[in-house]
Amino acid sequence: MSHLLEVKNLRIELTTRDGVAPVIDDLSFTLNPGETLSFVGESGCGKSMTALALMGLLPEKVGRVAAGNIIFNGEDLSQASDQRLRAIRGNDISMIFQEPMTSLNPVFTIGEQIAEVLRAHQGLSRRTAWAQAIELLDAVRIPNAKDRVSDYPFQMSGGQRQRAMIAMALACQPKILIADEPTTALDVTVQAQIFDLLTDLRNQTGAAIILITHDMGAVAEMAERMIVMYAGRKAELGPVDQIIEHPRHPYTKGLIECVPHIQSNPSIERHDLVEVPGIVPSLREFGKDQCLFASRCAYLTEACLTSRPDEKHFANGQSADCWHAEAI
Amino acid sequence: MTRPFIHEEETPQAQHPFTEAWSMFRKNKSAVGALGLLTLITFGAIFGPYLYPTDPFEMVWMPFSPPGQEGFLLGTDYLGRDLLAMIINGAKVSLMIGLSAAVMTVFIGVTVGALAGFYQGIVEEVLMRITEFFQVLPTLLFSMVLVALFGASMPMITFAIGIVSWTAVARITRSEFLRIRELEYVMASRASGASNLKLMVGVILPNALPPIIVQSALMVGSAILFEAGLSFLGLTDPNVVSWGQIIGSNRQYILDAGYTVTIPGIAIFITVLAISLVGDGLNDALNPKLRQR
Amino acid sequence: MSDLLKVENLSVRFEVKRGGGWNKKCYLYAVDDVSFTVKKGETLAIVGESGSGKTTAALAVARLVKAHSGTVALAGENILQKEAEDLRQTRQKVQFIFQDPYSSLNPRKRAEAIVREPLDSLSQKTEVEKAKIVDELFEAVGLRPEQQRLFPHQFSGGQRQRIGIARALATQPELIICDEPVSALDVAVQAQILNLLRKLQKNFGLTYLFISHDLGVVQHMSDSIAVMYMGRVVEHADRLSLFQTPRHPYTQALLSAVPTVDRAKRAQQKRILIPGDPPDPVNLPLGCRFANRCPVAEAICQTVEPELKSDANGHRTACHLV
């Protein structure tokens with residue numbers, strides 16, 4: 001099967017006050033049609049930057065693709081013109097954001113905004129676009145879509161706004177939907193609704209989903225495969241269940257164990273949570289020829305400080321960039 | 001074992017926010033230049049009269065002697081007074097009025113704005129209606145009436161300028177207070193038992209200062225202009241000399257001896273421009289959003 | 001152990017303006033007739049989603065918002081009546097840890113001054129004593145002495161939260177209210193702060209009122225839990241009882257909605273999806289506030305508001321069907 005998206009040795013550089021930093025450093029992965037792939041990591045690890053690169057939305061003048069390819073349907077997006085990228089954005093690849101209030105335009109109704117996307121990309125008439133906007137709102141389970149279509153964003157609740165965002169993102173039946181922390185600003189019961197919706201929509205439309213999140217639980221619920229990012233580099237990649245069962249990178253292990261996961265039968269005794277000491281390094285440290293997780297790592301040895309770890313491969317496509325992956 | 005970098009361990013240099021603002025300000029070339037110019041003007045206003053001790057009221061030569069002739073660098077005015085001496089002595093008055101009017105403006109504005117923004121409710125309603133009243137007054141007319149009624153002394157002119165200009169500061173202060181009072185560190189101070197006065201003066205005000213400082217810097221410039229306007233209309237203390245007054249008293253001869261009006265005009269222009277540029281630089285330096293990256 | 005905090009029938013209401021131009025006065029009861037107790041040395045968690053009133057309840061207990069009615073008794077004394085000097089005494093005993101470590105520290109003050117602030121306002125200690133206390137606090141929360149001279153923006157999020165914790169400990173309070181203390185932090189840093197809070201509790205015998213929306217964190221931190229929905233406590237029980245046998249349909253839905261990495265649990269447990277959104281808090285329905293989203297609601301739920309009833313073990317639930 002050919003891949004829907006193939007990213008090869010991607011390197012993205014960001015120009016900061018302290019010089020040029022590789023915020024994405026030699027990242028390769030593939031995405032298949034209908035699959036959900038999740039990017040996990042703390043803030044500042046390059047999760048969102050990956051999404052922006054796929055969308056061709058890197059911050060102008062500051063960020064650039066320095067090396068590597070982003071091959072979507074046989075076409076290299078890293079070489080594509082701005083015009084071509086505009087045509088792809090919202091049409092073939094679309095995105096939903098963390099804060100639905102700020103990503104919807106407050107002065108237009110929901111219907112107008114969805115219809116606008118349809119008219120721009122598919123050349124529909126005003127009337128058909130409006131009718132389809134209603135259908136889309138219905139599809140994302142907004143009750144009374146016919147009436148709600150002429151609501152302004154402020155008239156909706158957070159969950160409904162995120163649904164409207166999803167409707168807008170799905171308007172042109174994209175092949176890839178990028179969801180950047182789509183439920184972080186939402187309550188847990190609403191999050192469950194949104195996850196449920198996304199899964200159903202994926203099954204209906206066959207779109208692939210890239211889910212960016214910091215929540216291991218969300219990854220386990222939603223995704224088949226995941227990529228753990230640390231300091232702009234891939235730490236671990238593989239099937240979700242397998243990684244949760246047996247993480248091969250100490251950072252993945254830390255991310256899973258440091259969260260107090262809810263248990264239906266909690267013990268009376270409570271142990272301290274496993275800590276990952278320290279914080280994500282600053283951009284200045286990015287790109288060094290060593291393991292960037294070394295300063296927080298319990299498995300630290302001399303090798304970690306002198307060279308960047310190789311990719312170690314395991315069963316079912318699991319791989320970890322750690323000198324001690326086999327021992328973990 | 002050596003560790004190459006340990007983030008939690010590194011202790012950054014303690015830097016006061018104002019130190020940081022200064023390093024930001026220094027990057028703005030035109031603002032730094034303007035600040036230098038302003039320092040020069042201030043220096044000239046303070047020490048000029050000693051360095052160039054000609055009496056600005058003394059008729060030293062023929063009237064309308066053009067600049068550069070007979071040893072008078074800027075020439076003489078319609079009474080034969082040395083224009084350079086007048087400009088030097090006028091600088092002090094213009095700057096003094098500008099500064100003290102700005103101080104008065106800030107004092108009234110911050111007090112009203114802080115009380116309105118902090119207490120809200122009825123206090124805010126009343127204070128903001130008063131602010132609006134002063135805002136809709138025709139400012140020049142009102143100050144003219146004040147000066148005409150109570151006499152054209154320096155303090156009165158300052159007061160007349162200050163009383164019509166404080167509304168902008170009050171509005172800015174109020175909106176800053178409204179924003180900052182909702183932040184958690186204010187709540188934290190309240191939980192720590194801070195009194196209302198302490199919250200206002202010790203916690204909220206220091207954080208509200210940046211836009212107020214910028215506004216009051218610009219206020220100095222507009223107060224100088226305002227004074228010039230009043231002087232031009234003849235509402236001025238005849239016993240002192242200010243830039244606006246030089247323009248005002250020479251205005252009849254503008255066609256015959258343009259320089260008598262142009263030179264003080266240029267002095268006002270340069271000073272106000274310098275103040276605006278410094279204010280602009282302060283705005284960039286104190287605005288935390290620009291400081292981020 | 002004895003009850004340190006006893007909250008009875010606490011209500012907090014806000015005036016809201018509704019209606020086009022007429023500004024009709026309406027009241028929003030953010031906290032509506034809420035009662036709970038916290039035992040000395042233990043942690044009570046208040047759980048709920050946004051708009052449940054959990055934070056408002058905490059603020060009212062700390063006297064940071066005005067309660068409309070009810071009593072808040074700290075060691076037997078109603079602190080809602082206290083004014084002036086008495087209130088200052090009370091503030092020493094109840095301290096607050098805020099959610100957002102970025103907005104809860106005054107950016108113009110050095111770390112040491114932030115931690116010392118409660119001592120300056122509330123105690124009569126000398127400068128030398130205060131400095132010594134600040135030193136000890138910095139050590140207790142895991143910060144180094146030379147960091148005292150730094151300004152908040154020079155710290156990371158986790159370190160800032162440590163400063164916030166040190167500030168809350170300064171006056172040796174009897175009750176510390178933690179309002180979502182880790183929700184603004186990265187996951188790996190969350191564990192550091194949660195461990196610190198538990199260690200401090202053990203070392204100093206602290207009592208926590210712990211506000212959170214994260215059930216995993218709550219399960220880890222608390223001894224008993226009150227679940228709030230739309231200003232009301234719908235269920236209140238000790239930790240084991242609540243997580244093993246959640247009774248209120250809302251609690252059940254809430255628990256099942258949490259994504260989990262536990263594959264076995266995911267397979268066996270069917271997720272209870274509750275549709276729709278909470279009702280308008282100003283025009284509350286007649287009956288149970290959860291009725292419009294409740295998967296098991298019956299006729300009585302639409303008309304009669306259920307009361308919080310306790311079973312023999314002290315597991316309290318506000319539902320007609322329990």
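Hey, what D do you get for region A:181-328 in µm²/s if you plug the Kirkwood alpha-carbon radius into Stokes-Einstein at 37 °C and 0.692 mPa s?
Estimated via Stokes-Einstein, D reaches 192 µm²/s.
Using the Karplus curve 6.51 cos²θ - 1.76 cosθ + 1.60 with θ = phi - 60°, what ³J(HN,Hα) values do you get for each residue of region B:182-191, in whole Hz, with x for Gly and Pro?
Ordered by residue, 3J(HN,Hα) equals 8, 6, 5, 5, 6, 4, 5, 5, 5, 5 Hz.
Which whole-number percent is the relative contact order of chain A (Cα, under 8 Å, 6+ apart)?
Value for chain A: 20 percent.
Can you give the relative contact order of chain B as a percent, counting alpha carbon pairs under 8 Å and 6+ residues apart?
24 percent
Please list, or write none, the lysines whose alpha carbon is within less than 27 Å of the alpha carbon of C:K17, excluding same-chain residues fewer than 8 places away.
Those lysines meeting the cut-off are C:K25, C:K54, C:K66.
Can you run phi through the Karplus equation (6.51, -1.76, 1.60; θ = phi - 60°) for region B:221-232 and list ³J(HN,Hα) in whole Hz, with x for Gly and Pro?
x, 6, 5, 4, 4, 4, 4, 4, x, 4, 4, 4
Taking H placed 1.01 Å from N in the peptide plane, check which residues at least 5 places from C:M228 or on another chain put their amide H under 5 Å from its amide H.
So C:M228 has HN proximity to C:V47, C:G48, C:V234.
I'd like the FRET efficiency for C:R263 and C:V296, computed as 1/(1 + (r/R0)^6) with the beta carbon distance as r and R0 of 25 Å, rounded to 0.05.
0.35
Taking the convex hull of the alpha carbon atoms in region B:65-170, what volume per residue do you get, in Å³?
It is 116 Å³ per residue.
Taking one equal scatterer on every alpha-carbon of the protein assembly as shown, how large is log10 of I(q)/I(0) by Debye at q = 0.05 1/Å?
Log-scaled intensity ratios, in q order: -0.40.
Against the globular-protein guess of 2.2 N^0.38 Å, express the Cα radius of gyration of chain A as a ratio, rounded to two decimals.
1.04
Restricting to the protein assembly as shown, compute how many DSSP beta bridges are antiparallel as a %, nearest 5.
Working: 61 of 98 bridges.
Restricted to the protein assembly as shown, the bridges split so that about 60 percent are antiparallel.
Share of Cα-Cα pairs in region A:16-87 beyond 21 Å, in percent?
30 percent
Jot down the radius of gyration and Dmax of chain C, Cα atoms only, both in angstrom.
When restricted to Cα atoms, chain C yields Rg and Dmax of 20.8, 67 Å.
For region C:79-237, with only Lys/Arg (+1) and Asp/Glu (-1) charged at the beta-carbon, what is the dipole magnitude about the Cα centre, in debye rounded to 20?
Dipole of region C:79-237, to the nearest 20 debye: 300 debye.
How large is the helix-only mean residue ellipticity at 222 nm for the protein assembly as shown, computed as the sum of -39500 (n - 2.57) over DSSP H runs with n ≥ 4, divided by its residue count, in deg cm²/dmol to the nearest 500? Walk me through the numbers before you get to the answer.
Working: 35 runs with 416 residues, N = 943.
The helix-only estimate for the protein assembly as shown comes to -13500 deg cm²/dmol at 222 nm.
If I histogram all Cα-Cα distances within region C:218-285 using bins 5 Å wide from 0, what percent of pairs lands in each bin?
Percent of Cα pairs in each bin: 3, 14, 22, 24, 19, 12, 5, 2, 0.
So which aspartates and glutamates can A:K234 reach, going by Cα to Cα under 16 Å and dropping same-chain residues fewer than 8 places off?
A:E6, A:E13, A:D25, A:D26, A:E42, A:E285, A:D289, A:D310, A:E311, A:D321
Over region B:120-274, calculate the relative contact order: mean separation of alpha carbon pairs under 8 Å at least 6 apart, over the residue count, as a percent.
That works out to 20 percent.
Using the Karplus equation 6.51 cos²θ - 1.76 cosθ + 1.60 (θ = phi - 60°), what ³J(HN,Hα) coupling, rounded to whole Hz, does each residue of region A:23-40 give in order, writing x for Gly and Pro?
6, 10, 10, 6, 9, 10, 6, 10, 9, 9, x, x, 9, 10, 10, 10, 9, 10
Sorted from fewest to most neighbouring beta carbons within 10 Å, what does the list C:I163, A:I194 look like? Working shown, then result.
Details: C:I163 25, A:I194 21.
The most exposed by this proxy come first: A:I194, C:I163.
Show log10 I(q)/I(0) for region C:135-249 at q = 0.18 Å⁻¹, two decimals, from a solvent-free Debye sum over equal Cα scatterers.
Values returned for q = 0.18 Å⁻¹ are -0.97.
Using just the Cα positions, wrap region B:175-293 in a convex hull and report its mean projected area in square nanometres, one decimal place.
11.0 nm²
On a 31 Å Cα-Cα criterion, which of the cross-link pairs C:K6/C:K265; A:K253/C:K270; B:K198/C:K39 come out too long? Walk me through the numbers on the way to the answer.
Working: C:K6/C:K265 36 Å; A:K253/C:K270 27 Å; B:K198/C:K39 34 Å.
Cα-Cα > 31 Å for C:K6/C:K265; B:K198/C:K39; rest within.
Report, in degrees rounded to the nearest 10, the 0 to 90 angle that the Cα long axis of helix B:259-286 makes with the longest principal axis of chain B.
Computed tilt is about 10 degrees.
Bin by bin, in steps of 5 Å, what percent of the Cα pairs in region A:175-265 do you find, going until the bin that has the longest distance?
Histogram of Cα-Cα distances, whole percents per bin: 3, 12, 22, 24, 20, 14, 5, 1, 0.
Please check: in the Gaussian network model of chain A (C-alpha springs, under 10 Å), which one of A:A231, A:A167, A:A145 has the largest mean-square fluctuation.
Checking each option, the largest mean-square fluctuation is seen for A:A145.
Bear in mind that the values in this text are calculations on the coordinates, not laboratory data. Given the structure is predicted, the values throughout are model-derived calculations rather than measurements. FYI the Cβ positions are ideal-geometry reconstructions off the backbone, even for glycines, and counts take in every protein chain you see.
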